[in-house]
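Notes follow once the structure below has been shown.
The values are calculated or read from the model by the stated rules, or taken from the named source; none is laboratory data. Computed from a predicted model, the values in this text were never measured in an experiment. All Cβ positions, even for glycine, are placed from backbone atoms using ideal geometry, and neighbour counts span all protein chains on display.
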Amino acid sequence: MNLDKKEIDNFDIYAHEWWNKRGPYKLIHNLTPLRVEYIQNSINVKGLNILDIGCGGGLLAEELTKKGANVTGLDASKKTINIAKQHAKESNLNINYVCSTLESFIEEDKNKYDCIICFELIEHIPDQKKLVLDISKVSKKKSKLFMSTINRNIVSFAFAKVIAEYVLKIVPRGTHQYGKFIKPSELAKLVELAEFKVEDISGVKLNPIDYTFSLSRMTKINYFMTSTKK
C-alpha cells in the first residue's frame, strides 16, 4: 500500500486541531485562500466533480464546495476524515469524504474527475511515481491537476524543515522528511509520464511578519503546479 504509517500516525496526533486557526495547522488556514485563488485563476470550479487527495480536515474542500464544486475528499487518516465529516455537517455542506489511499479508492470507485487536487501530499508518500500514475487513472481527458509540494535544496531544508519545525515551531516536528522533497523538474517529469502537460509552476512566498502567503517567481521552497490531462 502506497502510504507511510508513521506519516499517518503523526497526522492522527493533531487531527483534532484541524479547525483551530491558531493551532498546528495555522499555516494551512492561511494558505487556503491562495490555494483557492490559484485554482480559480485556471478554472471555474462551479459544477465540476473534484477529487481532493489528501484533503486533511477539509479546509480546501469546504471552500470549493461553497463555490459550487462537487467535492470528494480523500485522506488515509480515519481521525482526520471524521473531523472533516463533522465540520462539514456542522457547516451544512454536502461533501463526500472517504478514508482511503488513492490506490485503494481506485479499486472501489470507477469514476473519473474533472479536476484533481493533490496539495502537500506527495512529499508524504513512499512511491511518488505511483501516486501520479494513479492520479492519471482517475482523471478525465483535459481534466486539470493541481499539485503543491516542497522543493529539495539547502534553502528548503533550512526554512521548511529546520526553521519551521524547530526554530519558529509553526509546523509540528516530524511533519516533513527532507528526502521526500521533490524538485519541480522531477515532478514535471512524473506528471508528463502520466500523460499530463505542465502549464504552470509558481512559487509560494511566506510573509514572516503575519504568516500570510502570496505567489512568487521563486520556487526554491514551496511551489504550485498546474497540468492538463492529454
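Things worth noting here:
- Subset of segment 185-208 (residues that are within 18 Å of L131 (Cβ to Cβ) and crowded, with 19+ Cβ neighbours inside 10 Å): L187, L190, V191, A194, F196
- Within segment 94-113, the only residue that satisfies the criterion of being more than 29 Å from F181 (Cβ to Cβ) and crowded, with 19+ Cβ neighbours inside 10 Å is I95.
- Residue count for segment 99-114, restricted to those that are in contact with a helix residue (DSSP H, G or I) (Cβ under 8 Å, 6 or more places away or on another chain) and closer than 21 Å to L59 by Cα: 3.
- All conditions but one from (1) small (G, A, S); (2) crowded, with 17+ Cβ neighbours inside 10 Å; (3) assigned to a helix (DSSP H, G or I); (4) modelled with pLDDT of 95 or more apply to A164; the one that does not is (4).
- Selection of segment 51-86 for residues being under 14 Å from the mean Cα position of the chain (by Cα) and at positive phi yields G54, G56, G58.
- Residue within segment 14-28 that is closer than 22 Å to M225 by Cα and assigned to a helix (DSSP H, G or I) present: yes
- Of all the listed residues (T101, T72), the sole one being under 22 Å from I122 (Cα atoms), in contact (Cβ under 8 Å) with a residue 60 or more places away in the chain and out of contact with any Lys or Arg (no Cβ under 8 Å at 6 or more places or on another chain) is T101.
- Residues in segment 47-58 that are touching a residue at least 40 places away in the same chain (Cβ under 8 Å) and over 23 Å from K5 (Cα atoms): 3 in all.
Yes or no, residue by residue, for (1) β-branched (V, I, T); (2) over 16 Å from C55 (Cα atoms):
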residue: K67; (1), (2): no, yes
residue: V71; (1), (2): yes, no
residue: H87; (1), (2): no, no
residue: E108; (1), (2): no, yes
residue: N111; (1), (2): no, yes
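- Exclusive hit being among the hydrophobic types (A, V, I, L, M, F, W, C) and over 26 Å from P208 (Cα atoms), set L48, L59, L31: L48
- Every pair of residues 6+ apart whose Cβ atoms lie under 7 Å, when the first sits in segment 137-149 and is exposed (fewer than 14 other Cβ atoms within 10 Å of the Cβ) while the second is of a type in the set (D, E, K, R): K141/K229; K142/K229
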